1. Quick query: amide H of C:VAL77 versus all other amide H atoms, modeled in the peptide plane; which residues come in under 5 Å with a sequence gap of 5 or more or a different chain?
2. How high is the relative contact order of chain C, given as a whole-number percent (alpha carbon pairs under 8 Å, six or more residues apart)?
3. Taking each residue in C:12-24, count the Cβ atoms of any other chain within 10 Å of its Cβ, then average. What number comes out?
4. What does the C-alpha gyration tensor say about the overall shape of region B:4-100? Classify as rounded when a/c is under 1.5, otherwise prolate if a/b is larger than b/c, or oblate.
5. Just checking the output field for A:22-33: average partner chain Cβ neighbours within 10 Å of each residue's Cβ?
6. Would you please give the residues with an amide H less than 5 Å from that of C:ASP136, counting only those at least 5 places away or on a separate chain, with H modeled from the backbone geometry?
7. Where does each of C:LYS256, C:LYS440 land when they are ranked from fewest to most other beta-carbon atoms within 10 angstrom?
8. Normalised by the residues of region B:4-100, what does the relative contact order come to in percent, with Cα pairs under 8 Å and at least six apart?
Amino acid sequence: MTPETLLMAVLLGIAVVTALLALLAREVVHTIIWIGGFFVTLSAIYFVLYAAFLGVLQLAVYAGAVTILLLFAVMVIKKRIFVREAGAGVGPVPILLALALGAVLVALAAGVPGGTAYSAYDVTALSANLFTRNGAWLLLLGLVMLSALAGSIHLAREMRGAPSPPRGGVP
Amino acid sequence: MIPFDDILAGSGILFAVGTFGVLTRRNFILLLISVEIIMNTAILNFIAFSAYAPGPSILGVTGQAVAVVLVGLAATEVAVGLAIVLALNRVRGSVDVAKAMDLKL
Amino acid sequence: MTAPVPPLAYLPEILTLVAALGVFLLDTLGVRRRAAFGAWTTVFLAAAFVSVLADLGVPGLGGLATLPSSYLTAGAVGPVVFTALGLVFQAIFLSAGILVAFASLSDPDDEVGIPMFYGLLGLATLGTLLVALSADLVFLLLSVEVTGISTYVLVGYTRRDPRALEASMKFYIIGALSTATSFFGASLLYGAYHTTSLATIAQGLPPDASLALVGFGILAVGLGFKVTAVPFHMWAVDVYDGAPSTVSAFLAAGSKKMGIFAYFVVFVAVTRLFAGPQGWPLYIALGGLAVTTMTVGNILALQQKTLKRMLAYSSISQAGYMLLGIAVDTPSTLSGATLLVAAHVLMKGGAFLVVAALAQIGLGARIDDLRGLGYSHPILAGSFSVLLLSLAGIPGTFGFMGKFYIFAGAIEAGGLFILLAVVGLLNSALSVFYYARILKIVYMSDEAPAPSQESGAALHRSLTHSSQGVASPPPRGIPGLGRIAAEIRAAGAARWIAIVAAAVLTVALGIYPTPLVHAFNAAATQFWSLGY
C-alpha cells in the first residue's frame, strides 16, 4: 500500500463520515459545520487527483459560498439558530435501499478495470477544452444563471404595499 | 498510484449516503444537503474518470470541464433555493415556515 | 459532416431568447401593462414557431427556412444535432408556450411580477427548445436545467400565495434531486465511454458494459423525476395543484414533455446496444416504469375530489403511455408517443386553462362544483368535454391517434410487449370512468352551479367584475349571442379563445390526422435509425 493509496482511503473515509454526520446531526448548525468539512475533504481529494484547479474551485464555491448560503437559510427560518431537529424515525426500508444501492455501486467499482494511464492536466488544457470544444456548456450555464438571477431577484425583493408577515405565523 | 476502484467505491458509498438522506430526512435544509452530497459525488466521479481517461489530453480533460460547469450549476441552484425560502418567510412567519419546511410526502 | 452550422439556423432559439430578454428590457423601460408583455411574448414565440415549421419544410413556408435541409440528415455537429423529430418537438414545445402566453393575457392585471412571468416563461421555453437540439449528455442536462430553474420560480411567481410558494419549494427540491441524480448517471456513462457525446454513445457498447448499464439506469431515475414517472412522482400533484393554473398548464404541456424527449434522446439506441439478456434489467425497468406510472396515476385519479388534482394524476398516467412508446422503442411507437405528446399539449394545456377559467367564473375547485356548467356556459363546457374525451382516447379525437399507434406498435413488436399493450388498453378503459364522471356532472344535472364555500371570495370578485348569470338559473336551449359574449367575458377573452382553439384543433386533427401522422412517422423513423 503506497502512501498515496492510504491518503486517498483516509480522505474518502472522512468524506463518508462527515456526510453521514451532517445528515444525522441533531442540531442544524452542526449539520452545516459537518457539510463544510465534507466539502473541504472533497477539495483535498481533488488535489490528490491532480485536479488542483477544481480543488481551489471547490474550496471557493462549495466550502465558501454554498456553506454560507446554507447557513443563511438556517438563520432565516429559525429564530434561534440552535434548534433541535425533530428526530424523524428511520424505518428499515430506506436504510436497506441505500445499503443495496451502495453495494451495487461498490461491486460495480470492483469490476472496473483498474486504469493506470492517469495524467495531470494543466489549466491550459482545461480552458482549451472548456472554451473551444465545449463552449456551448458555458453558454447554457449562462442561461441557467440568467434565469436564476431573474428569479431570485424577483422572489427576494420587497413587495410594494405588501402586508408584513404576521408575528407568530398564520394558523 | 491510487487504485481507481477505490475512488469509484468511495463515490458509490457517498451516493448511497445521499440517497439515504433523501429518503429519510424531511427538513428542507437537510434535503438540500442530501442533494448537494449527490451532486458532489457526480463531480468527484467526473474528475476521477477524467484523471484515468486514456487518450489525448484535450479529450481526457472533458471530465474536469464538466466538473467546473457543475460547481457553478450547484451554487446557482442553492441561491434559488434560498430565494424561495426567503419569499416563503415573507408570506408566512418564521415559525410557520419552519413547519412548512418539514415536507410531508 | 462537421461543417459549422450557419448562425441563422438557430433562429427559433434566438427569437425565443429575444422574447425573454425583451420582456426584461420592457420592464426596465417602465412598461407595466400585462397586454404589452403578453403580446410581445406571444408574437415572438409565434415567429419562432413559424421558423421551426419552415425549417421542417412545411409547404408554403419553404422560403422562410433558415436551416439548410442537409443538416437534417447530417448527424451531430459538435454538441447539437438537427433531426426532424427534434424540430417536431420544438414545434410542440413552442405551441405549449404560445398557448400559455396567449391565455395568460386574461390573468388579473394587477398581479405582482407580470414581467417576470413572461420572462421566465420565455427562458423555460428556450430550455425546452435546446433539449430538442442536444447531441451531448451534458448539453442535454444543462438545457433541462434552464427550464428547471425557470419553472421552480414560475410556480411561486405571485409571491403572495403560501401554497404556491410551498409548491415551488417542493418542486425545487425534486428538481435539484433530479439534476444531481441525472449527472451522477451521466458521470458513470462518461466513465464507461470517456465522452459525453450521445453520437458516440449510440454507436456501440463500451468495454465496461455493466458500468454503462448502471449509468443508464440512474439516468432513467433522474429523468423519471422530470416526467413524474411513478416511484418518483411524490409531490408532483402538490406542485400542479399549488401552482397558478396557467403555470400548471405550462408544466404539464411544456416542461414534462421536455422530460419525455430527453428520455427519447438518451434511450432510443439503448435497446439495440444491450441486445440480448444483458439488457433485460433495463428493458424491465423501462417497461415497468411505464406500466406502474399509467396504472398508479389512473387509480389515484379515480379517487380525486378536486378537478385540478384529478388532472394532475391523469397527467401522470398519460406520461406512462408516452414512456411505453420509448420502452417498446420501435419507429411506430416513437411516432405514436410523439402524436400523444402533441395531443397532450392541447388537451392538458387546455384543461388546466379551463380550471383557470372556472376559478375566474367563481366556481369551486371541487368536481361537484361543475354541476350544470353545460347549461350556464355551453361553449366552455363543450370545449372542456371535447378535451376530456380526447384525454380518454375516444376515437375521432386527437388523443386516440397517439394511443392507437403506441398500442399497435407494441403488439406488432410481439413478445412481452403485447402484455404491456394489454395493460395499457385496460388502463385506457379505466380512465374513461373518471372523465365520464365529470362529463356526467357537467351535463346531466339540471341545477345551476352551486358555489362552494371556499370559492366565496372568487365568486364575489367575478360578480363585481361582470354581472353575468352565475346566480340566476340560465335558460336551456341554443345560446344566444349575448350569452356567449357574457361567457367570454366571464372566462376571460384570451383564455376562452385559447381553450376553444385547443378543443377545435383536437377535433380537427382527430378527424384528419393523415399529414401529421405521415410527417411524424418519417421523423421518428429517421430519429430511430440515427439513434440519438
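Read-outs: derived from the displayed coordinates by stated rules, not from any lab. Keep in mind the model is a prediction, meaning the values are calculated, not measured. Cβ placement follows ideal geometry from the backbone for every residue including glycine, while neighbour counts extend to all protein chains displayed.
1. Counting only residues 5 or more places away or on other chains, the set is C:PHE82.
2. Relative contact order here is 15 percent.
3. 1
4. Here region B:4-100 falls in the oblate category.
5. Taking all residues of A:22-33 together, the mean is 3.
6. When sequence neighbours closer than 5 places are left aside, the close amide H contacts are C:LEU198.
7. If I rank by nearby Cβ atoms, fewest first, I get C:LYS440, C:LYS256.
8. Once divided by the residue count of region B:4-100, the mean separation gives 21 percent.
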